[in-house]
Structure formats: C-alpha cells, structure tokens
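A short worksheet on the structure shown next.
The values are calculated or read from the model by the stated rules, or taken from the named source; none is laboratory data. Only a predicted model underlies this, so the values are computations on that prediction, with no experimental measurement involved. Methodologically, a virtual Cβ is constructed for each residue, glycine included, from the backbone with ideal geometry; neighbour enumeration extends over all protein chains shown.
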Amino acid sequence: SHGSSSKRNKPNAHVTMNSGTIPTAKPNQENNKDKCPICMDDFTCKTSLEKCKHSFCKECIDQSMKLKSVCPICQTVYGKLEGDQPKDASMKVTTYYKTSLPGYEKYGTITINYDIPHGRQGPEHPHPGKLYYGTTRKAYLPDSQEGRHVLSLLQRAFHQRLIFTIGTSSTTGLQDCVTWNDIHHKTSTHGGADSYGYPDPDYLKRVQEELKAKGI
C-alpha cells in the first residue's frame, strides 16, 4: 500500500489494465476493508456492484468491465459478455436423422463444423498485430430436446465470440493458436468421456453449467 499518499502521487494502477489482461482482484481481508481489491489502495469514488455487492474504486471497476463484464472477485456476470474469438469464424450445423450417438439411440445426430481461418490478432488478443494459427473443429450433439437446447446456447455463445480464444495450445504447446475457451465440446461420436465422445450421460448438463458461467 502507498499509505496516505494521494492517487495523484502513486503509480497509475489503471494503466496495467489496458494491455488486455483482466485485472484479478483479491477478496478483501478483514483488515483491508477500506482498500480497493483491484488497485489495493484507498477507495476513490467507492462503488458497489448491484448483484454481488463487492466494492471497488469507480475508475478501477469501469476499466475492468470494459475488458470483461464480470465481477473480478466472484465472476458474477454483468450485462452481455463478449469474448475475443476471431471475428471471421464460422459455425455450420447439419442434422443427420438416421445416425445416432451412443446413449441417445432414439435420436439423430447434430454435427457442428467450426472453421476459423488464420489471421492477425486484434487489440483484444495476447499479441496484437501478430499472426495466429486458425483451426477447424467438428463437434456432436444428440438431436434430442435437450441437445437442441444446448445447440441454441452454443450458437448464442458463438455469436458472443465465446467458443474460441487465442492462446497456447494445450496439446502442442504452440503459442498464438485458436483454442477452445472452457466450453467443452464432444469432438468424437464414440469412446466415452475419456475420448471426448459418447456415451457420457452428464455431458449436456455439464456444458449448460459452463455456458451459464459465461452468462449464456
């Protein structure tokens, strides 16, 4: 802490947020109730969020919300969350009525084809101006009532640029790649949960929880 020094004299705590990284806030300790969890200094124009009641400096939380519309402490979503999925990504849906997935033998199969071409990173990405590697992905859902509901949620998440992000590939370790963004997809029709396939009776429920965490 900078003690009693004024906001003018301390290093600008807000500048570090403009790089595109989301500020992380530490939950206030008992003896730290009068400090903003983002800049860790005394509150300036203290403001509390409506749903979760966490408090911040007005300027700190305004900057944070520009980057991501969530409370930095508890991740409660405020407003419509938009991600940084490349803007020229496409999502094509096809339904095969005569092909079923293990565990959903009564239903057809919904196939989702994602296509994200190579491109150049924008200001919201880790390395603005640098090229990134695109990808194609195929995913499967049962053509049941719940499966179609999950499809509609995934379509909303796609339009809000939440399905993919740009980062380091967890499989190859390559940087500046298009990667999944914490919304799990079934990329195989068989093999069970260990192979990202079916049968997996809890998958539709789990993916709805993941979508809910992103405000969908």
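Scan the stretch 159-184 for residues that are out of contact with any Ser or Thr (no Cβ under 9 Å at 6 or more places or on another chain) and crowded, with 18+ Cβ neighbours inside 10 Å and jot them down.
Arg161, Leu162, Ile163, Ile183
What is the one condition in (1) farther than 30 Å from Cys71 by Cβ; (2) touching a Leu at 6+ places or on another chain (Cβ under 8 Å) that Leu174 does not satisfy?
Going through (1) farther than 30 Å from Cys71 by Cβ; (2) touching a Leu at 6+ places or on another chain (Cβ under 8 Å) one by one, Leu174 breaks only (2).
I'm trying to understand the selection: among the residues of the stretch 112-132, which are at pLDDT 95 or above and buried (at least 17 other Cβ atoms within 10 Å of the Cβ)?
Ile112, Tyr114, Ile116, Gly119, Gln121, Tyr132, listed by residue number.
For the stretch 191-216, name all the residues that are of a type in the set (Gly, Ala, Ser) and under 15 Å from the mean Cα position of the chain (by Cα).
Ala213, Gly215
What is the one condition in (1) among the hydrophobic types (A, V, I, L, M, F, W, C); (2) more than 13 Å from Tyr140 (Cα to Cα); (3) surrounded by 17 or more Cβ atoms within 10 Å (Cβ to Cβ) that Ala213 does not satisfy?
(3)
Please count how many residues of the stretch 133-158 are in contact with a helix residue (DSSP H, G or I) (Cβ under 7 Å, 6 or more places away or on another chain) and surrounded by fewer than 19 Cβ atoms within 10 Å (Cβ to Cβ). It would help to see each step written out before you state the result.
Within the stretch 133-158, the subset in contact with a helix residue (DSSP H, G or I) (Cβ under 7 Å, 6 or more places away or on another chain) is 141, 146-147, 150, 153, 157.
Going one step further and asking which of them are surrounded by fewer than 19 Cβ atoms within 10 Å (Cβ to Cβ), we end up with 146, 153.
Matching residues across the stretch 133-158 total 2.
Taking the stretch 17-43, which residues are modelled with pLDDT of 90 or more and β-branched (Val, Ile, Thr)?
Ile38
Only residues that are of a type in the set (A, V, I, L, M) and part of a loop (DSSP other than H, G, I, E, B): list them for the stretch 143-168, please.
If the condition is that a residue be of a type in the set (A, V, I, L, M) and part of a loop (DSSP other than H, G, I, E, B), then Leu162, Ile163 are the ones that fit.
Can you tell me which residues in the stretch 169-190 are assigned to a loop (DSSP other than H, G, I, E, B) and under 15 Å from the mean Cα position of the chain (by Cα)? Give the steps one after another, and end with the answer.
So in the stretch 169-190, the residues assigned to a loop (DSSP other than H, G, I, E, B) come out as 169-176, 181-190.
Result: Asn181, Asp182, Ile183, His184, His185.
Of the residues in the stretch 123-142, how many are in contact with a Pro (Cβ under 6 Å, 6 or more places away or on another chain) and either among the charged types (D, E, K, R) or part of a strand (DSSP E or B) (or both)?
Here the count works out to 0.
Return the total of residues in the stretch 30-76 being over 27 Å from Lys212 (Cβ atoms) and assigned to a loop (DSSP other than H, G, I, E, B).
Looking only at that region, the number is 9.
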